[in-house]
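**Q** Sharing a structure below in structure tokens format, with a few things to ask.
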Amino acid sequence: MRRYPLVIAGTVAGTAAVLAFPVHKPALTISSASATTSTAGGSAAGSATPTTTPSAAAPSTAAPSSATRGATGTDEQFRYGDIAVKVTVQGTKITNVGIATISETDGRSQSIDSYAVPQLEQQVINAGSANINGVSGATYTSQAFYDSLTSALKKLGIS
């Protein structure tokens, strides 16, 4: 009949267990196993081939020209779809970032991506590099965006 001591003890033990649970931030890392190039299901806003100088396959060690160049990163598949990022640079400065192709598996993914992608694009422009934080609540999209972005920058000879 007097169960409140058990309820309080159980609540304290449960709270302590939740607080003791180890939490880690997901790190945005370059994935070496991601090299797909399909664009099925995405929009036709860009191509999967870079629009760079002939030396795009092997980045040169010479100083990049100040000409405007662009490249599209690899089509990165993630848990809820796939994405390919298109980057435009002038010299070594990133002037524009956009989505070449994107496809989501459901309406919730579309909602998340419509919220996260503009933030990711703005982070790249503000940082001037691939050194971005990602978007909370869009971890898979952020990682795939980052992987495709770094792929495009490598094609342009910018690390």
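**Q** In whole Hz and in residue order, list the ³J(HN,Hα) couplings for the range 96-112 that follow from phi through the Karplus curve 6.51 cos²θ - 1.76 cosθ + 1.60, θ = phi - 60°; x for Gly and Pro.
**A** So the Karplus estimates, Gly and Pro as x, are 7, 9, x, 9, 7, 9, 7, 9, 10, 8, 7, x, 5, 5, 4, 5, 5 Hz.
**Q** If I stretch the segment between ASP106 and GLN122 completely, what's the gain in nm (0.36 nm per residue apart, minus their alpha carbon distance), one decimal?
**A** Full extension of this stretch gives 3.3 nm more.
**Q** Using 0.36 nm per residue of separation minus the Cα-Cα distance, give me the extension gain between VAL12 and GLN90 in nm, one decimal.
**A** Working: separation 78, 0.36 × 78 = 28.08 nm, distance 5.83 nm.
Extra length available between VAL12 and GLN90 comes to 22.2 nm.
**Q** Among ARG108, ARG69, rank each residue by its count of other Cβ atoms within 10 Å, from fewest to most, as a rough exposure measure. It would help to have the intermediate numbers written out before the result.
**A** Numbers: ARG108 10, ARG69 22.
Least to most surrounded, the residues fall as ARG108, ARG69.
**Q** Can you put LEU19, LEU153, LEU120 in order of Cβ neighbours within 10 angstrom, beginning with the fewest? Mind dumping the intermediate values first?
**A** Details: LEU19 8, LEU153 22, LEU120 25.
Neighbour counts put them in this order, fewest first: LEU19, LEU153, LEU120.
**Q** Turning to a different aspect of this structure: Once you order the gyration tensor axes a ≥ b ≥ c over the Cα atoms, which shape class does the range 61-128 get: rounded for a/c under 1.5, otherwise prolate or oblate by comparing a/b with b/c?
**A** Numbers: a/c = 3.48, a/b = 2.13, b/c = 1.64.
In terms of gyration-tensor shape, prolate.
Here, each number is a calculation from the coordinates, and none is a lab measurement. No experiment lies behind these values; they were computed from the predicted model shown. Backbone-built Cβ (ideal geometry, glycine too); neighbour counts: all protein chains shown.
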